[in-house]
Every structure is written in C-alpha cells, then in structure tokens.
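Below you'll find the structure, written out as structure tokens, and then a few comments.
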Amino acid sequence: MAVENPSLEEIGAILKKAKRIAVVGLSNNPDRTSYQVSKVMQQAGYEIIPVNPTIDEALGVKAVPTLKDIEGRIDIVNVFRRSEQLMDVAQEFVEIDADVFWAQQGLVNEDAYHFLKEKDYTVIMDRCIKVMHALTK
C-alpha cells in the first residue's frame, strides 16, 4: 500500500488548529529551503522550533538537538531530512507523541508511513507545508 495523505480540507483543518511546529533539519542558512519555508510559516504566526544538533539557532530561535529536548506539546513535526532517515525521525516522533508527522515535498518512506499509521498518527508525506498553508488559508 502506498502513502495516502489526508485530503486538502483535512490538511487545512490541521494547519488551522496547529500552533507549534518542530522543524527537524532546519538550517540557519537563509538560502536553504528549510529556512525559507520555516520563515514563511513563522511569519504566518506559527511558533517554529528548530531541531538540529549542528546549529545554535535559526530564525531567532534557539535550536534543540532532538525532538525529545522540546518542552511542551508539539502540533506538527515537519521533517527536512532525506527519505531514508524518516524512520529514525518517526521513531523519535512516537516518543514525544506529537499530533502530525509531516515530511516535506520530495520525501517519502513507506516503512515510516506504515509504522506511524499503525499507531494511529496523522502522516503527511511529499507535501510542502508552505504550499499547503497557502492553498488552505
């Protein structure tokens, strides 16, 4: 079975409800897609939490090395890592019990998808959160 994303309406509802987005692989380089997408989401009113052990901060926010280092509830974990690394992120995601696992456009891992769906999580893959936000606001 392939990856099946929620409908555009469901994605819109997710984005309207969400407030805090942890961004795994967020770069502090303004030329990187992760930075550009996260900056737009931050400007749209979302709290962005950079998750990257190799940087101190991004978008004016102190970075944390792992998802487990975040205090408080996370609505969406937005992942900018290679597809083959999604299972590792999915396993950490389950430990923090966030609401939505979101792999950015171009990223798909069926094993990670099924692992999360079996645990009844909402999973979105191969979709840009910035584009979906623009399409559903």
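The values are calculated or read from the model by the stated rules, or taken from the named source; none is laboratory data. Computed from a predicted model, the values in this text were never measured in an experiment. Quick reminder, even Gly has a Cβ in these numbers, built from the backbone with ideal geometry, and neighbours come from all protein chains shown. With ligands, DNA and RNA removed, areas are computed over all heavy atoms of the protein, side chains included. Shrake-Rupley method; radii C 1.70, N 1.55, O 1.52, S 1.80 Å.
Apply the Debye scattering formula to segment 72-126, with a single equal point scatterer on each alpha-carbon and no solvent, then give log10 I(q)/I(0) at q = 0.14, 0.17, 0.26 Å⁻¹.
Treating every Cα as an identical point scatterer, log10 I(q)/I(0) equals -0.28, -0.42, -1.02.
In nm, to one decimal, how far is the residue 119 label point from the residue 68 one, both placed 7 Å along Cα→Cβ?
My value for the distance between the label points is 1.3 nm.
Roughly speaking, what is the stretch gain from residue 134 to residue 57, that is 0.36 nm per residue apart minus the C-alpha to C-alpha distance, in nm to one decimal? Don't jump to the answer; show the numbers that get you there.
Working: separation 77, 0.36 × 77 = 27.72 nm, distance 2.60 nm.
Residue separation times 0.36 nm, minus the Cα-Cα distance, leaves 25.1 nm.
Compute the length gained on full extension between residue 33 and residue 82: take 0.36 nm times their separation in residues and subtract their Cα-Cα distance, giving the result in nm to one decimal.
Extending this stretch completely gives an extra 16.3 nm.
Mean residue ellipticity at 222 nm from the helices of the chain, using -39,500 (n - 2.57) per DSSP H segment of n ≥ 4 over the full residue count, to the nearest 500 deg cm²/dmol? Can you show the working numbers first?
Numbers: 5 runs with 49 residues, N = 137.
Computed ellipticity for the chain at 222 nm equals -10500 deg cm²/dmol.
For segment 89-137, which whole-number percentage of the solvent-accessible area (1.4 Å probe, protein heavy atoms only) is attributable to carbon and sulfur atoms?
40
With the crude spin-label approximation of a point 7 Å out along Cα→Cβ, what separation in nm comes out for residue 92 versus residue 17?
If labels sit at residue 92 and residue 17, their model points lie 2.5 nm apart.
Tell me the Kirkwood hydrodynamic radius of the chain in angstroms, computed as one over the mean inverse distance between distinct C-alpha pairs.
Final number for the Kirkwood radius of the chain is 14.7 Å.
Using a probe radius of 1.4 Å on heavy atoms only, what accessible surface per residue do you get for the chain? Whole Å² is fine. Don't jump to the answer; show the numbers that get you there.
Numbers: 7220 Å² over 137 residues.
It amounts to 53 Å² per residue over the chain.
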